[in-house]
Amino acid sequence: MSVIWDGIVQAVKMIVGFNTDLIVILLTSLKVTGTATLIAMVLGLPLGAWLGLTEFRGRKFLVVLTNTGMALPPVVVGLFVFLMLSRYGPFGGLDLLYSTRAMIIAEVIIATPMVIGVTLAAVQALDPKLIAQIVSLGATRLQLFFKVVKEARLGLLAAVAAGFGAIISEVGAVLMVGGNIKGQTQVLTTAIVQETRQGHTAIAIALSIILLALAFLVNWIITVTQQKKV
Amino acid sequence: MDSALVTINDILVERAGRIILNIPSFDVREGETLALVGQTGAGKSTLLSVLGFALKPDKGSIFWRGAAVGNGRPGSDVRRRISMAFQSPLLFRGTVQDNVAYGLKLRRIPAADVNRKVTAMLDMFGIGNLATANAASLSGGEAHRVSLARAVVFDPELLLLDEPMASLDPGTKDNLMKEVTKIVKELGLTCLYVTHSREEAYAVADRLAVIDTGKIVQSGSAEDVFYRPATASVAAFVGTENILPAAVVDTEGGLAQLRIIGAAPETSIEAVTDAAVGATVTACIRPEEVSVDPAEPGATGSRRNHLTGRVTDVTVLGPTARIAVDCGFPLTALITRRSLGELALAPGTPVTAGFKATAVHVIQ
């Protein structure tokens, strides 16, 4: 029990003292997760809205594909990206393996189906007559998209939260394609694994506190935005 | 009011092999308020969708101001001349003025004009004080006013209203209906008003069209449709409760004797019609045209038809009462509740039912 308590005390000291190693790991995490969430939003929100608003041949297949993507095991994504970016893979020449870019690619593949799936559900939950009302007032396709995004924003923020949640806590894929290189590709989750294995309990606890605080902060911002009345 | 704004020809809409709409010819004329009435499932909303270019028919052609609209799918220039409001207000997130300004902003109207038009429209609908209110906080009546203001603020050439009052309480509905009718006339809008309520249709329409199983069965003035229905089904829909099969047995000077088929004992009534002797016709008598009096025949003034019988049923409908009388055939009268009390009518009361010959509409 005292090991855990000592670990917590040391962790608080490291956080309060702005430990340089911690800050580097935090910034790398923010860069990778933030960029991947942003890309997943840019890809997933329009795709999800399009799937929710239109009827066409093959739509059902794409919805099933999206739902499958939402259940994709991160380590399988990691393996796939690893094989694509490894020296003998089709994109080996880009020399991206064991870089933050490779980690971002893996995380985008994990988060995008989440954003598409939750966006699709949010758009389909809107009253179909609301869509007809927007069109009847003269909206073009693009104007309809922006209006639907605004009307379904609670669901869309949930989509962003789902995407962010899926990758902030991800460890398998980023470990495989990032390599957990200290100061370069080490993020909060991979650092926690490594420090725990090496017996550096205090650092692992400090990293865990930061990870939890980060997840809480992002979800708090999303929730506050969601709950705004107007 | 004579030139057609939108015309449809030989329109056919099918769903799962079933014909939903089959209309050889129909138009909405410039400046008129046309009420499209019919029962649930008659095809009202489908026709509205076709006229608003929201649904492409399987067959047929659509003309906008006489010009064919290619493939039933117009460009945004035509679509943006049409506006629509639904049964539910379907307000967007934001304030009342955000909602009303939406259509204007889509059309990139300068901000100063948007503010001016929105303010004027809110005042017109009597909700100027709600401009900055959250749309989610409005009452049902207020929300409908916002929805209608949003639909007319950009001066559409064709306003489509899909059962806009159906979810309102009677008091709010009556007030709003009067206001909408006034505003539509003031702004000179062409309006297609879809409703299943015959009272609402009668109150708002310059012209009325009745749709039944996907076909327009009658169109004309409200007076025509209500008092001279073209078919028995239209008669039933517009509230003609006495629809009687009859045979013409005699005619003299435009007045005909009609024997009610199936009446026992044999009963004849007088009606104004040019139907020939021997013809089988349908006699339609609106219940409010029938008087019921416990007094003896001869006391019913100008009415040419006096039928003795007994009250079989009394149904109180708020301020009015429906009296079913057996006079050899079933006849229904609608009287005021006050009259019901004064006449002390009850099942079994012997009465004389009376109605004018001109109150009988004969469908040949």
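The values are calculated or read from the model by the stated rules, or taken from the named source; none is laboratory data. Note that this is a predicted model, so its numbers are computed, not measured. Every residue, glycine among them, receives a Cβ derived from its backbone with ideal geometry; neighbour counts consider all protein chains shown.
Does B:GLN257 qualify as being under 31 Å from the mean Cα position of the chain (by Cα) and of a type in the set (S, T, N, Q)? So B:GLN257 fails the test.
Note on region A:52-109: residues that are within 20 Å of A:LYS182 (Cα to Cα) and surrounded by 13 or more Cβ atoms within 10 Å (Cβ to Cβ) amount to 14. Selection within region B:119-147: residues that are hydrophobic (A, V, I, L, M, F, W, C) and loosely packed, with under 15 Cβ neighbours inside 10 Å. The member of this set that is farthest from the other protein chains (Cβ to nearest Cβ) is B:ALA120. Limited to region B:1-24, what total is found for residues that are over 22 Å from B:ALA166 (Cβ atoms), touching a residue at least 24 places away in the same chain (Cβ under 8 Å) and not in a loop (DSSP other than H, G, I, E, B)? Residues meeting the conditions: 14. Within region A:141-177, being within 14 Å of chain B (Cβ to nearest Cβ) and either in contact (Cβ under 8 Å) with a residue 12 or more places away in the chain or surrounded by 20 or more Cβ atoms within 10 Å (Cβ to Cβ) (or both) holds for A:LEU144, A:PHE145, A:LYS147, A:VAL148, A:VAL149, A:GLU151, A:ALA152, A:ARG153, A:LEU154, A:GLY155, A:LEU156, A:LEU157. State all residues of region B:21-42 that are over 30 Å from B:GLU186 (Cβ atoms) and within 14 Å of the chain's Cα centre (by Cα); if no residue qualifies, say none. Scanning region B:21-42 gives B:GLN39, B:THR40, B:ALA42.
A single member of A:VAL16, A:VAL3, A:VAL9, A:VAL32 is modelled with pLDDT of 90 or more and not small (Gly, Ala, Ser), and it is A:VAL32. Is there a residue being within 21 Å of B:ALA205 (Cα to Cα), in the same structural domain as B:ARG79 (by TED's automatic domain parsing), part of a helix (DSSP H, G or I) and touching a strand residue (DSSP E or B) at 6+ places or on another chain (Cβ under 8 Å) anywhere in region B:149-165? Taking every residue of region B:149-165 in turn, at least one turns out to be within 21 Å of B:ALA205 (Cα to Cα), in the same structural domain as B:ARG79 (by TED's automatic domain parsing), part of a helix (DSSP H, G or I) and touching a strand residue (DSSP E or B) at 6+ places or on another chain (Cβ under 8 Å). Does B:MET177 satisfy being within 9 Å of chain A (Cβ to nearest Cβ), surrounded by 15 or more Cβ atoms within 10 Å (Cβ to Cβ) and either closer than 27 Å to B:THR46 by Cα or in contact (Cβ under 8 Å) with a residue 60 or more places away in the chain (or both)? No. When only residues in region B:82-108 that are surrounded by fewer than 18 Cβ atoms within 10 Å (Cβ to Cβ) and either at the interface with chain A (Cβ under 9 Å from one of its Cβ atoms) or touching a helix residue (DSSP H, G or I) at 6+ places or on another chain (Cβ under 9 Å) (or both) count, which is farthest from B:LEU187 (Cα to Cα)? Out of the qualifying residues, it is B:GLY94. Put simply, of A:GLY165, A:GLY138 the only residue that is closer than 30 Å to B:GLU157 by Cα and of a type in the set (Gly, Ala, Ser) is A:GLY138. Candidates in region A:106-140 are the residues that are more than 30 Å from A:VAL32 (Cβ to Cβ) and among the polar types (S, T, N, Q); of these, the one that is farthest from the other protein chains (Cβ to nearest Cβ) is A:GLN124. Taking B:GLY188 as the residue in question, decide whether it is small (Gly, Ala, Ser) and over 30 Å from B:LEU104 (Cβ atoms). Criteria not met by B:GLY188. Checking the conditions here, which among B:VAL316, B:VAL292, B:VAL277 is touching a residue at least 60 places away in the same chain (Cβ under 8 Å), within 27 Å of B:PRO229 (Cα to Cα), outside the structural domain of B:VAL225 (by TED's automatic domain parsing) and of a type outside the set (D, E, K, R)? Of B:VAL316, B:VAL292, B:VAL277, the one residue that is touching a residue at least 60 places away in the same chain (Cβ under 8 Å), within 27 Å of B:PRO229 (Cα to Cα), outside the structural domain of B:VAL225 (by TED's automatic domain parsing) and of a type outside the set (D, E, K, R) is B:VAL292.
The set of residues in region B:271-286 that are of a type in the set (Ser, Thr, Tyr) and part of a loop (DSSP other than H, G, I, E, B) contains only B:THR273.
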